[in-house]
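Working notes, beginning with the structure itself.
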Amino acid sequence: MTPSPALAIKAAVLIQRWYRRYMARIEIRRRYTWSIFQSIEYAGEQDQLQLSSFFTFMLDNFTHLGGASPDLISQFLDPTSDPMKEEGRAAKYEKIEVPDSYPGPRLSFPLTVAHTNALLRAFKQKQQQLHARYLLQLLHETKKFLKKLPNIIHLSTSYTKEITICGDLHGKLDDLLLIFYKNGLPSTANPYVFNGDFVDRGNKSVEIIIILFAFLLLYPNGMHLNRGNHEDHTMNLRYGFTKEVMQKYRSHGREILLLLQDVFSLLPLATIIDNKVLIVHGGISDMTDLDYLASIERQKFKSALRPPRMSIDSSQDKGRRQTKGQLPAQSSDGHRSISTRYSSNHLMKQSSGESSSSSSLSSSIPKSRRMSNIQEKDTSTTSNGCNPLYDRSISPTGIMEVPFLDSDITITPRVPSWEEMEWKQIVDLLWSDPKNQNGCSPNSFRGGGCYFGPDVTLRLLKKYRLKMLIRSHECKQEGYELCHDGQVITIFSASNYYEEGSNRGAYIKLGPDLVPRFYQYQVSKFTRRMTLQQRVSVAEGSALKSLREKLYAHRSELIAAFKQHDISNTGTVSTSDWASAVESVLCLDLPWRTLRSRLVRLAPDGSVEYLSCFEDLHMEQPIKEVTPSLVEMLYRYRTDLEIIFNMIDKDHSGLISMEEFRQTWRLFSSHLHTHVDDAAIDDLARCIDFNKDGSIDFNEFLEAFRVVHKLDSKVKH
């Protein structure tokens with residue numbers, strides 16, 4: 001029988017309705033997966049900023065910490081502590097011999113096209129690493145070249161048909177090679193601007209900087225590099241680049257890292273095309289002054305996470321005692337000044353009030369208060385959208401309390417120096433993000449820089465007669481995103497950033513008309529063969545796995561929060577109470593109600609069995625001699641511990657002595673502002689010294705505090 005037209009239309013409507021619901025469910029999963037990845041990433045950046053601030057504070061103000069000298073950390077945080085002079089380093093690499101058996105690329109300077117082709121061929125075919133002799137010489141030549149460049153590079157499309165702008169690469173060599181394959185190699189006729197964050201996260205960061213620096217020297221007018229927030233040796237400690245260098249160049253790794261500190265600090269801060277398009281890595285603030293930026297000695301700031309020194313001694317005559325928890329004082333103009341007590345979990349503020357919303361490093365706000373503080377600031381903004389507490393005209397007259405462990409000493413900070421003002425300009429350029437609301441506020445979610453609104457963008461563009469701002473710094477699902485009425489473009493070039501299939505990469509081409517044209521791609525051997533649902537499921541599984549580990553790391557705090565709502569001790573709480581308890585502990589600003597069914601088991605009455613979120617996880621190698629609370633602490637802060645260890649392990653052998661382990665713990669416990677009995681630490685050290693040789697394999701130690709998903713264990717067995 002021939003179906004009637006009405007029946008066919010009805011069937012089509014049903015199919016269409018089903019498909020729309022199916023796609024809506026897929027989109028919900030895709031969005032919360034993205035939120036999980038991004039929230040965990042930014043939480044990690046907050047942790048890094050807090051740890052860096054603690055190290056900076058210790059280095060600036062104290063000569064000892066329970067026997068651990070700040071020299072343990074000065075080699076990474078204080079460039080002036082390097083005993084090896086520049087001439088000595090240059091002479092040292094010249095003495096390095098390259099054996100005849102070395103099969104990799106051989107460089108001589110000045111570079112030629114044959115050299116860059118050899119590098120590309122070797123890295124594409126995954127041949128041997130570039131010899132340390134050539135890498136050190138390449139870095140020395142790059143440093144000499146960068147010294148000649150201004151802070152802001154000016155380019156013109158009148159000399160070329162188009163200029164290509166690329167965003168973050170983060171150690172993903174395949175993305176760089178694909179860009180060159182699709183768009184052509186850099187040359188004077190095919191210029192590129194790479195907008196920072198070449199390193200960290202991916203495992204091919206060394207290869208990327210070698211290629212970029214080689215093309216920079218070969219075609220000075222065809223390759224342009226901006227500094228990103230990850231071109232920073234302090235960030236490299238957490239996110240993998242330091243470890244990658246030490247693994248690939250064990251004998252000369254320290255020399256390479258010291259030289260890279262100089263090279264990174266000499267990278268230009270911004271690029272302007274045709275006097276109309278501003279390109280910076282992060283963004284701007286209401287304090288951004290391009291004329292002022294052009295005059296800064298950028299090489300002074302080896303790390304944007306390290307503010308200019310302000311020692312306690314220099315302000316001691318202004319110090320005065322106050323009780324802990326004192327309310328903010330009133331400044332002479334009637335505004336409340338900010339009272340900041342330094343604790344191990346807070347960043348030390350260099351000046352109260354942080355002149356303007358340009359944040360030095362805003363993660364001094366405790367995690368549990370950051371999101372609420374954003375709301376508070378938004379409600380107290382002035383007519384132009386800026387918070388009066390952060391207005392540039394207000395002099396910093398607040399109190400900075402900087403206790404040494406348990407001291408009650410408080411200090412009135414001095415007016416910020418020019419060097420501090422310069423530092424804030426750089427931090428805002430490297431760390432800021434756009435927001436949809438007008439005004440400027442500290443970027444408390446990421447931990448550094450600021451959020452800038454459309455009005456801030458418009459003022460800066462009008463002031464300097466610009467047309468648009470191109471920035472990177474944020475991963476976008478499609479590789480790019482437009483905001484602020486199309487005047488701000490975010491470009492991100494590392495595809496599969498969070499997980500296989502999680503996002504596309506993209507680059508921009510700008511011609512004389514200055515109309516951006518976007519080119520997207522995705523490097524993958526498997527994604528093309530996967531359906532949309534399969535791609536979303538893979539990314540979702542990875543995100544939920546990371547989130548469950550985050551829950552496990554805060555197990556004690558979460559259980560305590562749940563029991564506040566479970567007065568009858570039933571083991572269940574309402575969905576609303578469960579969501580509020582999780583957010584109060586983790587502060588990730590996630591859609592917990594939506595995620596509930598993915599993370600916990602529900603009781604027949606619809607309530608949440610809150611202990612079920614920990615059931616599928618267990619510790620890989622539990623150490624019986626260690627108390628459960630100490631195990632949880634070690635697991636939660638294992639990344640911070642590894643960073644401290646890498647600073648103490650000067651020879652990068654992977655082994656530390658018992659005394660070095662104690663020093664690691666002293667720094668670690670001071671950072672957390674917690675006290676653990678020395679006897680407990682000695683017991684821990686002895687029980688993880690598996691072969692009883694008096695030294696500890698730190699990698700084995702960290703492995704002992706790794707959480708394993710039971711489903712993964714079953715698959716392995």
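The values are calculated or read from the model by the stated rules, or taken from the named source; none is laboratory data. These numbers were taken from a predicted model, which means no experiment stands behind them. Glycine also receives a Cβ, built like all others from the backbone with ideal geometry; neighbour counts cover every protein chain displayed. Quick note on the areas: whole protein, heavy atoms, side chains included, nothing else; ligands and nucleic acids left out. Shrake-Rupley method; radii C 1.70, N 1.55, O 1.52, S 1.80 Å.
Brief remarks on what is shown
- Whole-percent carbon and sulfur share, accessible surface of the stretch 84-164, 1.4 Å: 52
- Hz values of 3J(HN,Hα) by residue in the stretch 16-32 - Karplus curve (6.51, -1.76, 1.60), Gly and Pro given as x: 5, 5, 4, 5, 5, 5, 4, 5, 5, 5, 4, 5, 4, 4, 5, 6, 6
- For residue 596, the solvent-accessible surface computed with a 1.4 Å probe is close to 60 Å², ligands and nucleic acids excluded.
- Amide H contacts of residue 432: 282, 283, 450, each under 5 Å away and 5 or more positions distant or on a separate chain (H built 1.01 Å from N in the peptide plane; Pro and chain starts excluded).
- Residues 168, 697 ordered from highest to lowest accessible area at a 1.4 Å probe: 697, 168.
- The stretch 572-621 - accessible surface per residue (Å², probe 1.4 Å): 44
- Packing here is the average count of other Cβ atoms within 10 Å per residue, and on that basis the peptides 249-256, 2-9, highest first, run 249-256, 2-9.
- Note on surface exposure: 464, 192 rank 464, 192 by accessible area, highest first, 1.4 Å probe.
- When nucleic acids and ligands are ignored and a 1.4 Å probe is applied, residue 18 ends up with an accessible area of around 150 Å².
- Residue-level accessible surface for residue 149, protein heavy atoms, 1.4 Å, Å²: 40
- Here's how it looks for residue 491: its modeled amide H is under 5 Å from those of 471, 472, which are all 5 or more places away or on a different chain.
- Using θ = phi - 60° and Karplus 6.51 cos²θ - 1.76 cosθ + 1.60, couplings along the stretch 3-8 (whole Hz; Gly, Pro as x): x, 6, x, 5, 5, 5
- Within the accessible surface of the stretch 463-510, defined with a 1.4 Å probe on protein heavy atoms only, the carbon and sulfur portion equals 36 percent.
- Debye intensity ratio in log₁₀ form over the Cα atoms of the stretch 131-218, taken at each q of 0.14, 0.23 Å⁻¹: -0.55, -1.36
- Cα Rg over Rh - the stretch 450-530, Kirkwood: 1.07
- Per DSSP, loop chymotrypsin sites (Phe, Trp or Tyr not before Pro) in the stretch 86-179 with at most 13 further Cβ within 10 Å: 159
- Here the Karplus curve 6.51 cos²θ - 1.76 cosθ + 1.60, taken at θ = phi - 60°, turns the phi angles of the stretch 529-540 into couplings of 8, 9, 6, 4, 4, 5, 5, 5, 5, 5, 5, 4 Hz, with x standing for Gly and Pro.
- Isotropic mean projected area of the C-alpha convex hull, the stretch 446-493 (nm²): 3.8
- Of the residues 598, 548, the one with the largest accessible area comes first in the ranking 598, 548, computed with a 1.4 Å probe on protein heavy atoms.
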